[in-house]
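Following: one structure in structure tokens, then a few remarks.
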Amino acid sequence: MLDGGANKSFILREVVELLDLKIISKEALVIHTYGSETAEKRIHDIIEITLQNVLHTNRNIKIQAVIIDSITSAKLRIPLLFIRNIALEKGIELADNSTSERIYVLLGSDYISEILGERNIRISKRLIAADSIFEYLLQGKEEDIDCK
């Protein structure tokens with residue numbers, strides 16, 4: 001997931017363990033969660049990982065990410081099949097065709113300019129497909145789309 005509101009990038013500890021990634025440093029972070037009035041300061045481990053486009057492996061980025069146990073407990077809305085079909089009809093290759101409701105890696109504003117491309121395609125009044133090194137990312141809301 002790409003989150004321009006996050007100052008850092010994060011990765012789940014279970015992914016780090018599954019991929020046997022090595023800790024490269026530690027960093028003291030003060031994390032303010034949305035809606036909370038208090039901040040929590042802790043020392044976090046940092047890893048380095050290269051993320052790449054599944055279809056075009058030369059389109060990749062090496063990032064450093066903070067290891068955390070949970071990115072969010074919220075259930076994510078996966079784009080409906082008709083949204084994916086609209087994208088396909090417009091020749092838009094989506095970066096992620098997964099139906100998983102979990103976030104394993106959250107890419108923050110620390111890498112956003114290296115990830116996003118220059119082309120946006122409007123799908124509806126409130127939904128766009130944003131070009132990225134991983135293919136297109138859906139941004140916005142899908143509720144108002146006329147699926148006729």
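Throughout, read-outs are computed from the coordinates displayed, never taken from laboratory work. Please read all numbers here as calculations on a predicted model, not as lab measurements. Cβ atoms come from the backbone with ideal geometry, glycine included; neighbour counts cover every protein chain shown.
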Assuming R0 = 22 Å, what is the FRET efficiency of SER113 and ALA28, from their Cβ-Cβ distance, to the nearest 0.05? 0.30
If the convex hull of the alpha-carbon atoms of the chain is projected onto planes in all directions, what is the mean projected area in square nanometres? 10.0 nm²
Which of VAL16, ASN58, ILE43 sits farthest toward the positive end of the charge dipole of the chain, with +1 on the Cβ of Lys and Arg and -1 on the Cβ of Asp and Glu? ASN58
Bins of 5 Å from zero: percent of alpha-carbon pairs in segment 1-73: 3, 13, 23, 25, 20, 9, 5, 2, 0
When only Cα pairs under 8 Å and 6 or more residues apart are kept, what is the percent relative contact order across the chain? 27 percent
Segment 127-139 - phi-based ³J(HN,Hα) in whole Hz, Karplus 6.51/-1.76/1.60, Gly and Pro as x: 10, 10, 10, 9, 5, 8, 5, 9, 4, 8, 10, 7, 10
Sum up the lysine pairs in the chain that clear both bars: alpha-carbon distance under 16 Å and a spacing of 8 or more or different chains. 10
